[in-house]
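Below is one structure; the comments refer to it alone.
The values are calculated or read from the model by the stated rules, or taken from the named source; none is laboratory data. Here the structure is a predicted model, which is why all the values come from computation and not from measurement. FYI the Cβ positions are ideal-geometry reconstructions off the backbone, even for glycines, and counts take in every protein chain you see. In case anyone asks, the SASA skips ligands and DNA or RNA and just uses the protein heavy atoms, side chains included. Shrake-Rupley method; radii C 1.70, N 1.55, O 1.52, S 1.80 Å.
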Protein chains: 2
Amino acid sequence: MNILIKKNNIKKSKDKFYMQKAIQLAKKGKYTTDPNPNVGCIIVLKDKIVGIGWHKKSGENHAEVNAINMAGKLSKNATAYISLEPCNYFGKTPPCCDLIIKSGIKRVVIAILDPNPKVSGKSIEYLKKSGIQVEIGILSQKAKNINKGFFKRMLTGIPWIQIKMAISIDGKIAMKNGESKWITEKKSIQNVHKHRALSSAILSTSNTILKDNSKFTARYQTKNKKYIQPIRIIIDSKNRIQLHHKIIQENKSEVWLIRLFKDKIFWPKHVKQIILPNNINQINLHILLKFLGNKKINTLWIECGSNLFSNMLRMHLIDELILYIAPKMLGNKTISLYHDINNIYLNQAEQFIFKSIKKIGSDIKIILQPKYQYKKIS
Amino acid sequence: MNILIKKNNIKKSKDKFYMQKAIQLAKKGKYTTDPNPNVGCIIVLKDKIVGIGWHKKSGENHAEVNAINMAGKLSKNATAYISLEPCNYFGKTPPCCDLIIKSGIKRVVIAILDPNPKVSGKSIEYLKKSGIQVEIGILSQKAKNINKGFFKRMLTGIPWIQIKMAISIDGKIAMKNGESKWITEKKSIQNVHKHRALSSAILSTSNTILKDNSKFTARYQTKNKKYIQPIRIIIDSKNRIQLHHKIIQENKSEVWLIRLFKDKIFWPKHVKQIILPNNINQINLHILLKFLGNKKINTLWIECGSNLFSNMLRMHLIDELILYIAPKMLGNKTISLYHDINNIYLNQAEQFIFKSIKKIGSDIKIILQPKYQYKKIS
């Protein structure tokens with residue numbers, strides 16, 4: 001009996017070991033798989049890794065295909081570790097399940113089910129019916145964390161939302177005259193470009209464009225890091241964005257102008273006007289986020305002023321708040337980070353959890369997770 | 001030649017090693033030596049530690065005395081490592097230099113000179129004249145750092161000033177109605193009590209007393225940690241502190257009411273009225289700090305509202321700012337940390353350096369050092 005427990009424990013720790021490797025592999029696709037999830041696969045035969053694969057880009061081989069191709073005949077009787085339930089349908093590529101069965105793989109260990117309710121669990125059933133041993137749930141939280149956007153979009157229909165704000169230690173985002181360039185230092189700004197490169201889209205407002213004339217492209221430089229330029233989405237309810245703005249002049253990625261009515265300007269090809277229903281002369285954020293979910297935006301990176309930030313926070317739409325804090329005090333006659341409606345008591349304050357704290361150059365970067373529960377948008 | 005360099009390097013690294021130990025020993029006195037500095041001493045004979053000593057309390061043995069007593073006859077021809085220049089005058093105890101000479105110690109290594117301009121360097125001369133080899137400057141910065149208050153007071157005449165503020169992530173200290181209990185959590189508050197226990201005195205204002213009715217004693221609980229209760233100093237320019245306030249009811253340490261004129265109340269023995277010159281109906285902070293320096297207050301721990309904090313910052317009087325930040329957003333209609341006079345441009349903002357960042361329970365604690373240069377108060 002004791003020997004059996006021991007054997008089982010060894011098996012479990014081996015499974016964790018290889019799954020950890022599969023998840024590490026999956027991460028290699030983090031700049032490029034969008035809108036697909038990051039997936040990694042390891043094939044192990046008699047305690048030896050005989051195949052590895054990861055998904056690189058939509059339309060290209062899935063992780064399982066790359067790993068099985070590498071393993072070749074050694075797939076027979078092997079165990080496959082996959083960080084996400086394999087597909088069982090024809091997408092841009094043929095279903096992975098059939099290849100797994102054909103390869104002779106004996107056992108499949110899967111970290112987590114596909115979050116898409118339409119397919120979730122079906123591949124497991126299919127593999128099992130074909131006589132393959134299937135195990136599920138090894139390092140599932142880790143596997144979910146590398147695809148936060150994909151999971152949230154599949155489960156709720158809206159993207160994973162990160163909002164970035166640069167503040168002083170006394171919580172100010174700009175001087176009274178609007179001067180905010182630059183509260184934080186170069187290294188913080190470089191770090192922002194990394195986040196942009198990791199995101200499906202950047203959301204901002206025409207207010208910010210009119211103030212800073214930003215291009216909102218990702219300008220992230222590291223060797224061998226290719227990334228998809230994020231789609232640039234601007235809330236522009238009063239049609240104030242013009243042809244001369246830098247974001248329009250720069251055609252590295254699409255620009256979506258979120259508006260209440262079209263204008264007659266002849267916009268360049270990379271610019272689209274998206275017309276959403278009029279909500280008392282404002283863009284309805286719920287409708288916008290649903291629209292972005294439908295457009296397969298997994299991760300939305302928001303850079304904006306205190307208005308949009310405060311609206312998003314009050315509406316409990318933020319998944320993660322990233323604060324770059326500069327070691328400066330601006331004083332009380334400047335612009336505050338958060339404009340609440342009218343909180344009177346301390347227990348009405350919005351609550352967060354400090355997820356990480358890090359020094360970046362002379363600044364600090366803090367990641368906060370709101371404590372509120374996500375409410376499904378109807 | 002190479003052998004000589006090598007020998008010298010070995011000697012240097014040995015000196016650092018023992019001095020590090022002497023500084024560690026010195027720290028044992030950090031809760032109790034006030035107003036004296038923390039000092040540690042190690043006596044080493046033929047690479048063996050034969051005596052250790054540290055200064056515990058004003059009026060009791062100096063570190064050197066304890067170490068030499070322990071070493072006994074083994075002091076002869078030994079090296080003494082002392083974290084601060086030994087005394088050469090009769091204070092509450094006889095001069096250490098004479099004991100060192102008498103003990104037969106051959107070599108004395110000193111981390112840093114006594115900052116007191118009247119005695120600094122004199123002991124070194126005295127020891128040298130008696131034929132003792134003297135070296136100075138090993139780990140001097142570290143030795144200075146364990147006595148920041150003593151050094152600053154000796155060099156400038158005013159205490160080392162730390163100011164503590166509890167804020168939300170959006171830099172607010174209280175709701176509009178003044179509610180601030182408790183922005184931060186229990187563990188942060190316990191940490192504050194540790195700082196109180198480490199300080200010579202706590203400074204606050206009658207405003208804070210009238211709002212919170214604090215006792216301002218140190219209530220820091222760890223085993224075997226005895227500490228001197230800090231003197232409690234309250235700026236009370238309008239004589240608003242009354243007999244019924246908790247700070248008066250509690251007699252664990254002296255209370256100094258800093259006032260512009262005396263009242264006729266019969267105060268308990270532990271309460272003193274300190275009358276400072278009238279400065280347009282306000283207490284002049286420079287005069288107050290000079291007064292505290294004269295009273296041998298090495299380290300001043302300030303807990304107050306945004307008025308005193310803002311005045312202290314604008315006057316560039318703060319040596320260290322300790323922020324306890326709670327993961328909450330209070331909104332823009334609440335009370336801000338820093339009230340500046342009228343900064344217009346970003347480059348007028350007060351600048352700091354992040355010295356340390358630490359999680360405390362669900363809060364974070366940040367230590368900031370202002371970038372301004374200390375200006376000597378005339």
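Listed values, structure above:
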read-out: Qualifying position, being surrounded by 14 or more Cβ atoms within 10 Å (Cβ to Cβ), within 30 Å of A:I146 (Cα to Cα) and under 18 Å from the mean Cα position of the chain (by Cα), among A:N284, A:N311, A:N298, A:N294; value: A:N298
read-out: Matching residues, region A:181-192, being out of contact with any Leu (no Cβ under 9 Å at 6 or more places or on another chain) and open to solvent by 20 Å² or more (accessible area, probe 1.4 Å); value: A:E185, A:K186, A:K187, A:I189, A:Q190, A:N191
read-out: Selected residue (only one of B:G59, B:G72 is under 26 Å from B:Y227 (Cβ atoms), assigned by the TED database to the domain that holds B:N9, open to solvent by 10 Å² or more (accessible area, probe 1.4 Å) and among the small types (G, A, S)); value: B:G59
read-out: Matching residues, region B:161-211, being of a type in the set (G, A, S) and more than 26 Å from A:N342 (Cα to Cα); value: B:S188, B:A197, B:S199, B:S200, B:A201, B:S204, B:S206
read-out: Matching residues, region B:340-378, being buried (at least 19 other Cβ atoms within 10 Å of the Cβ) and in a loop (DSSP other than H, G, I, E, B); value: B:D340, B:N343, B:A349
read-out: All positions within region A:221-241 that are among the polar types (S, T, N, Q) and either open to solvent by 70 Å² or more (accessible area, probe 1.4 Å) or closer than 18 Å to A:I202 by Cα (or both); value: A:Q221, A:N224, A:Q229, A:S237
read-out: Hits in region B:314-324 (condition: open to solvent by 10 Å² or more (accessible area, probe 1.4 Å) and either within 11 Å of chain A (Cβ to nearest Cβ) or under 24 Å from B:Q229 (Cα atoms) (or both)); value: B:R314, B:D319, B:E320
read-out: Test: residue in region A:259-266 that is surrounded by 14 or more Cβ atoms within 10 Å (Cβ to Cβ) and touching a helix residue (DSSP H, G or I) at 6+ places or on another chain (Cβ under 8 Å); value: no
read-out: Condition met for B:L368 (within 7 Å of another protein chain (Cβ to nearest Cβ), without any contact (Cβ under 8 Å) to a residue 60 or more places away in the chain and within 21 Å of A:K358 (Cβ to Cβ)); value: yes
read-out: Residue count, region B:329-364 (criterion: of a type in the set (K, R) and more than 7 Å from chain A (Cβ to nearest Cβ)); value: 2
read-out: Which numbered condition B:S13 misses (of (1) at pLDDT below 95; (2) of a type in the set (S, T, Y); (3) open to solvent by less than 40 Å² (accessible area, probe 1.4 Å)); value: (3)
read-out: Subset of region A:166-180 (residues that are surrounded by fewer than 16 Cβ atoms within 10 Å (Cβ to Cβ) and facing chain B (nearest Cβ under 8 Å)); value: A:K176, A:N177
read-out: Unique residue being on the phi > 0 side of the Ramachandran plot, assigned to a loop (DSSP other than H, G, I, E, B) and of a type outside the set (V, I, T) when the list is B:G91, B:G59; value: B:G59
read-out: Tally, over region B:323-365, of residues that are touching a helix residue (DSSP H, G or I) at 6+ places or on another chain (Cβ under 7 Å), under 14 Å from A:N332 (Cβ atoms) and touching a residue at least 40 places away in the same chain (Cβ under 8 Å); value: 4
read-out: Flag if B:K122 is at pLDDT below 95 and open to solvent by 10 Å² or more (accessible area, probe 1.4 Å); value: yes
read-out: When residues of region B:94-106 are limited to those that are part of a loop (DSSP other than H, G, I, E, B) and free of Cβ contacts under 8 Å to residues at least 40 places away in the same chain, the one most open to solvent (accessible area, probe 1.4 Å); value: B:K106
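Quick grid of which residues meet (1) touching an Asp or Glu at 6+ places or on another chain (Cβ under 8 Å); (2) open to solvent by 80 Å² or more (accessible area, probe 1.4 Å); (3) in contact (Cβ under 8 Å) with a residue 24 or more places away in the chain:
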position	(1), (2), (3)
B:N9	no, yes, no
B:Y18	no, no, yes
B:K28	no, yes, yes
B:D34	no, no, yes
